[in-house]
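The values are calculated or read from the model by the stated rules, or taken from the named source; none is laboratory data. Model, not experiment: these values are computed from the prediction. So basically every Cβ, Gly included, is an ideal-geometry build from the backbone, and we count neighbours across all protein chains shown. Only protein heavy atoms, including side chains, enter the accessible area calculation; ligands, DNA and RNA are left aside. Shrake-Rupley method; radii C 1.70, N 1.55, O 1.52, S 1.80 Å.
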Amino acid sequence: MRLRRTAALLLLTLLAATGCGSAVTPAAAPPPASTAAIPATAAPSSGASDRPSDATSMICNPYFRQELAGALGTDITQPLAPTWEKRVYSCAYHYPDGSMTLSVKELPDAATALAQYDGLRGSAGTVTDLNGLGEAAYKRADGTTVVRKDSFVLTVDVAKLPETFGTPPRSRADVAVMTATTVMICWQEHSS
C-alpha cells in the first residue's frame, strides 16, 4: 500500500512538472495576468485584505483546475466560484458524483499560521501526520487534508466525495493528498 502511494505521488510529481501555469489556457476562461508567476512564499499583504495573494488564488484558477483534472482523471461539472471572506479563499470543485472544497487561510506571519494549524489539528479528533507535505500536514478520519506552508493553511475537504473517486479510482484520502501535493508543487514551481 505504501509503495502504491509513493508511486502515485511520483506520477503526480511528473504530471505537475509540466507546469501549473504552462499548460494550454482553457478557451472558455483565460487566466488573469497575475497567475503567471505565483510565489510560494508570497506573504499576505497586511494592508490589502480586499483580495487574496497570487499564491492563494492559484487554487481556483483555470490553470490549476486543468492540472488537477489531469491528476485526478476527471474534471468539474460546474464553473468554479471562488469566495474571499475573513482572509479565507475557497472554491468547491463539483464532480458528477460529489464535490471537494479547497481553501487557503492567509495569516499575517508563520507563527500565526502555526497557531491556526495547531488549533485545527487539536480540534480534528484522530489525525494521521503526513510527512514531507508543506511544513506540516495531517489528514482527518474523513480523508480531509490540512497543510501549513509559510503563512498559509491549506485545507482540502473531501468529505463530500464518495469513498473512491477519480480515474483510476482512488480513496478520497488519496485524492486529498494528491490535491494538496499538486498545490505544493505549483507553489514551489512558481517561486523559482
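Results, tabulated for the structure shown:
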{"read-out": "Counted residues, region 67-82 - those being open to solvent by 30 Å² or more (accessible area, probe 1.4 Å), touching a residue at least 24 places away in the same chain (Cβ under 8 Å) and of a type in the set (G, A, S)", "value": "2"}
{"read-out": "Selection within region 161-192 - of a type in the set (A, V, I, L, M, F, W, C), under 15 Å from T144 (Cβ atoms) and touching a residue at least 40 places away in the same chain (Cβ under 8 Å)", "value": "L161, F165, V175, A176, V177, M178, A180, V183"}
{"read-out": "Residue list for region 63-114, restricted to those being in a helix (DSSP H, G or I) and under 24 Å from P168 (Cβ atoms)", "value": "Y63, F64, R65, Q66, E67, L68, A69, G70, A71, L72"}
{"read-out": "Residue list for region 66-97, restricted to those being touching a helix residue (DSSP H, G or I) at 6+ places or on another chain (Cβ under 8 Å) and either closer than 21 Å to T167 by Cβ or modelled with pLDDT under 95 (or both)", "value": "E67, L68, G70, A71, L72, D75, I76, L80, Y93"}
{"read-out": "Residue satisfying condition, being touching a helix residue (DSSP H, G or I) at 6+ places or on another chain (Cβ under 8 Å) and open to solvent by less than 40 Å² (accessible area, probe 1.4 Å), within set T167, T179", "value": "T179"}
{"read-out": "Single residue of region 101-143 satisfying the filter (of a type in the set (V, I, T) and either farther than 21 Å from C186 by Cβ or out of contact with any helix residue (DSSP H, G or I) (no Cβ under 6 Å at 6 or more places or on another chain) (or both)) that is least open to solvent (accessible area, probe 1.4 Å)", "value": "V127"}
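A quick yes/no check of all residues on (1) of a type outside the set (A, V, I, L, M); (2) in contact with a Ser or Thr (Cβ under 7 Å, 6 or more places away or on another chain); (3) within 25 Å of H94 (Cβ to Cβ); (4) part of a strand (DSSP E or B):
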position	(1), (2), (3), (4)
D118	yes, no, no, no
N131	yes, no, no, no
V147	no, no, yes, yes
V153	no, no, yes, yes
A159	no, yes, yes, no
T167	yes, yes, yes, no
A173	no, no, yes, no
M178	no, no, yes, no
V183	no, no, yes, no
